[in-house]
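Encoded as structure tokens, the structure appears first; notes follow it.
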Amino acid sequence: MLPTISDVLYHGTAEKIQKIDVLKGRNNKDFGKGFYMAVTKSQAIGMMHKKYREAVLRRPNAPKGTFSEILYEIKIDSEYAKTLNIKYFKTADEEWLDFILMCREQGGLPHNYDLVIGPTADDDTMFCLNSY
């Protein structure tokens, strides 16, 4: 059973987004290349801070003001969401782990889902993924 998708999702970043482009996402992510959103504002704020620190470290010679901490609130059309092909992981179980491994190993977008909902792996989970 799918959860009810919140009316508002959040995205924390270090650069302005003119238009959402799922192909701009990094290649070997938990659910494949895409645009990642959080259900809670606090999770997105944490990601915003992390992305800002990473951007500054990656490009230390970038002109001042290139990066800033930006939190987007994205309104979701619940009727449109009903038309999407959605994969939902209620918990971080074996199926979830296999899915993340597949996405990270194959890269790109190795599945046909429009939207994947579920927990994402953190640094501690990476230890488990590597052991698995």
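The values are calculated or read from the model by the stated rules, or taken from the named source; none is laboratory data. What you are looking at is a predicted structure, and each value in this text was computed from that prediction instead of being measured. FYI the Cβ positions are ideal-geometry reconstructions off the backbone, even for glycines, and counts take in every protein chain you see. The area values use the complete protein model at the heavy-atom level, side chains included, leaving out ligands, DNA and RNA. Shrake-Rupley method; radii C 1.70, N 1.55, O 1.52, S 1.80 Å.
Structure above, values below:
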quantity	calculated
Given (1) at pLDDT below 90; (2) closer than 18 Å to Asp30 by Cα; (3) open to solvent by 40 Å² or more (accessible area, probe 1.4 Å), index of the condition Glu105 fails	(1)
Selection status of Val116, exposed (fewer than 14 other Cβ atoms within 10 Å of the Cβ), within 12 Å of the chain's Cα centre (by Cα) and among the hydrophobic types (A, V, I, L, M, F, W, C)	no
Conditions (1) open to solvent by less than 70 Å² (accessible area, probe 1.4 Å); (2) modelled with pLDDT under 90; (3) in a loop (DSSP other than H, G, I, E, B); (4) not aliphatic (A, V, I, L, M); number of the one not met by Thr125	(3)
Search result, residues across region 72-93 that are of a type in the set (Lys, Arg) and within 17 Å of the chain's Cα centre (by Cα)	Lys75, Lys87, Lys90
Lys87 being basic (Lys, Arg) and at pLDDT 90 or above	yes
Residue under evaluation Phe31, criteria (1) without any contact (Cβ under 8 Å) to a residue 24 or more places away in the chain; (2) open to solvent by less than 70 Å² (accessible area, probe 1.4 Å); (3) under 25 Å from Ser78 (Cα atoms), criterion not met	(1)
Residue match in region 26-49 (condition: basic (Lys, Arg), within 25 Å of Met102 (Cβ to Cβ) and not in a loop (DSSP other than H, G, I, E, B))	no
Breaking point among (1) over 19 Å from Tyr10 (Cβ atoms); (2) aliphatic (A, V, I, L, M); (3) within 14 Å of the chain's Cα centre (by Cα), for Ala44	(1)
Residue list for region 92-107, filter: more than 17 Å from Gly34 (Cα to Cα) and in contact with a Leu (Cβ under 9 Å, 6 or more places away or on another chain)	Leu97
Any pair with Cβ under 6 angstrom, 6 or more apart, that starts in region 77-95 at a residue that is assigned to a loop (DSSP other than H, G, I, E, B) and ends at one that is open to solvent by less than 70 Å² (accessible area, probe 1.4 Å)	Leu84/Leu115; Asn85/Tyr113; Phe89/Trp96; Phe89/Gly118; Ala92/Pro119
Within region 55-76, considering residues that are in contact with a Phe, Trp or Tyr (Cβ under 9 Å, 6 or more places away or on another chain) and in a loop (DSSP other than H, G, I, E, B), the one most open to solvent (accessible area, probe 1.4 Å)	Arg59
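Quick grid of which residues meet (1) modelled with pLDDT under 90; (2) not small (Gly, Ala, Ser):
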| site | (1), (2) |
| --- | --- |
| Ser6 | yes, no |
| Leu9 | no, yes |
| Phe31 | no, yes |
| Met37 | no, yes |
| Ala44 | no, no |
| Met47 | no, yes |
| Lys50 | no, yes |
| Glu54 | no, yes |
